[in-house]
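Notes follow once the structure below has been shown.
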Amino acid sequence: MSTTPEHAAGDTAVHVQEMLQRGITQVRAGEHAVGMSSFEEAGRLATSAGLTALAAGAAINRGWALALSGDTALSIDAYVEGADLAREADDARRLVIALGNLGIAYTAERRYEEAAAVYEEYIPLLEGDAEEEIDSRLNWSVALEGLGRADEASEQLDEAERVAVDADLDQVLVRVHIAQGAMRERAGEGEEALELYWKAFDIASEAEDADLVGAVTMTLGYAYTRAGDHAKAADCFGEAARAFRHLEDHQRLAGALVRQGRAMQTLGLVDQALEVWREAEPLLREIDDQAALGECLLEQAVAVSGQQSNFAPDFQFTEAAVAFRTAGVLDRLSAVYLAHAQWCWERHLDTQARKHAQEALDAVAATPNPMIESRARALHAQMLADTGDMTDAVTELTTAETLSLLDGDQQGVTGARVRAAYVMARNGATVEDVRARLTEAIAQAREAGHGEQGRRAAEAVAAEIEERCGGVYTDLLGAPEDIGFEAPVDGGVVEE
């Protein structure tokens, strides 16, 4: 019995659908190349058989697989093809899928004009899918803001808010308020942004949704950090940590703890910061986040570097460097090596200090960082002066100061200048000349707006000079008022 064209087309359609499903299964199993081959073959078969709607499905699935593998730019062509074929086949369902994915891809690639055009076509096709409409309006607002059309972007967020309220979608409304707040923050309206973030927090709390509470309080923590209110930032990150601890979400818990510790350290609450970092450290090891582990170890080591009897930082610096290398975050190595070199130098572990200073310089040669290089060269100058190599020491100081000047790093300039006093002392300069160099550096720091930091740097180098360069160099800076600072009264804080 002969096979009619209708039967042949029907058999082909079934075969194409089976290939598409097989491709989806293969991609989800991590067999990306095999899955792509299934989609491509399905598309060729569907096109040959005139099955335009199925050909659209094959193109859309190719786009999905490409996006999943990180090839967002390549996925766009596949989605465009899928949308064109769906229009040709008058297949509304596949057109909606293609356009939804295409809008996300265009936005991710910052092709905002094209993204906005897609959303204009896409949103009217959603037919009462409130949650998808809200997501799309959020993405549309990103595209419009990227085009400099902030008022239209704000209108899309307002419309998303209206849809969420009408549909009683409180969880989605939280995301809308966060997006509204972020836009206000970018516009420099910090107070208005915080009000919207807190509005989102109230909804999340009322819903007793720990996941949302954690997300919103992290957003608040970042916002307060940017605003310079580290006390509130620490509280918000702490609240996020409680939510993630309840959820047993170790990855997000570790992130919240690391940031809470940073805020606490900024406030001078070193013991509290160490406590939360020590909770974060084993979590980061468990989830094998080597980059974050490196940061956590570095934070801990730096926090206790001033404790002379604590030798834990020696191992923490070493382990942090290993973690950064494992993660491929090579641009952080120079900071670790420099901090380790300074720590060794302060404990008269001079051989190790020279080794780590050279590692820092080697690291900035590979991944340039003028701020780190300036400080590493200034420290290296002191080490060279200790060996009597004054010419190279002066060259290092000149390079360090020049790097900081070119980078607009005034604190680096101060650092190079106070360390120059050490080199002078090693070269036998008079007490008066060494003192003059230190006070000049303090005056420069005050003029640049960081006088207190400059004074502390000068005091640290003065102590090194007195300890390492002979008994003649004593009382180099004298009382605070001798160098232009008021003496504190009743233990109060010195104000400039």
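The values are calculated or read from the model by the stated rules, or taken from the named source; none is laboratory data. Keep in mind that this is a model prediction, so the values were computed, not measured. Cβ placement follows ideal geometry from the backbone for every residue including glycine, while neighbour counts extend to all protein chains displayed. Protein only, heavy atoms only, side chains kept; ligands, DNA and RNA dropped before computing areas. Shrake-Rupley method; radii C 1.70, N 1.55, O 1.52, S 1.80 Å.
For the residues His32, His450, a 1.4 Å probe over the protein chains yields an accessible-area ranking, largest first, of His32, His450. Fully extending the segment from Ser48 to Glu275, taken as 0.36 nm per residue of separation minus the present Cα-Cα distance, adds 75.1 nm. The simple spin-label model puts a point 7 Å past each Cα toward its Cβ; for Asp158 and Gln17 those points are separated by 4.7 nm. Each of Trp345, Trp198 has its accessible area taken with a 1.4 Å probe; listed largest first, they run Trp198, Trp345. Solvent-accessible surface of segment 298-343, averaged per residue with a 1.4 angstrom probe and all protein chains in place: 41 square angstrom. Once both labels are positioned 7 Å from their Cα atoms along Cα-to-Cβ, the gap between Asp389 and Glu195 label points is 6.2 nm.
Modelled spin-label separation between Gln171 and Asp84, with each label point placed 7 Å from Cα along the Cα-to-Cβ direction: 3.9 nm. Quick one: check the C-alpha center-to-center distance for segment 222-252 versus segment 52-73, whole angstrom. Between the Cα centres of segment 222-252 and segment 52-73 lies a distance of 38 Å. For the pair segment 360-420 / segment 177-193, the C-alpha centres are spaced 41 Å from each other. Given their separation in residues at 0.36 nm each and the Cα-Cα distance between them, His246 and Ala463 gain 73.2 nm when the chain is fully extended. Could you tell me the calculated FRET efficiency between Ala448 and Ala33, based on Cβ-Cβ distance and R0 = 56 angstrom, to the nearest 0.05? For Ala448 and Ala33, the calculated efficiency is 0.45. Note on Ala436 and Glu208: with the Förster distance fixed at 41 Å, the Cβ-Cβ geometry gives a FRET efficiency of about 0.05. Mean residue ellipticity, 222 nm, helices only, the chain: the sum of -39500 (n - 2.57) across DSSP H runs of n ≥ 4, divided by residue count and rounded to 500, is -26500 deg cm²/dmol.
Applying 0.36 nm per residue to the separation of Ser69 and Ala291 and subtracting their alpha-carbon distance, the gain on full extension is 77.7 nm. Largest accessible area first, the listed residues Met371, Met36 line up as Met371, Met36 when surface is computed with a 1.4 Å probe on the assembled protein chains. For segment 162-170, putting each phi into the Karplus relation 6.51 cos²θ - 1.76 cosθ + 1.60 with θ = phi - 60° gives couplings of 4, 4, 5, 5, 4, 8, 6, 9, 4 Hz, in residue order, rounded to whole numbers and with x for Gly and Pro.
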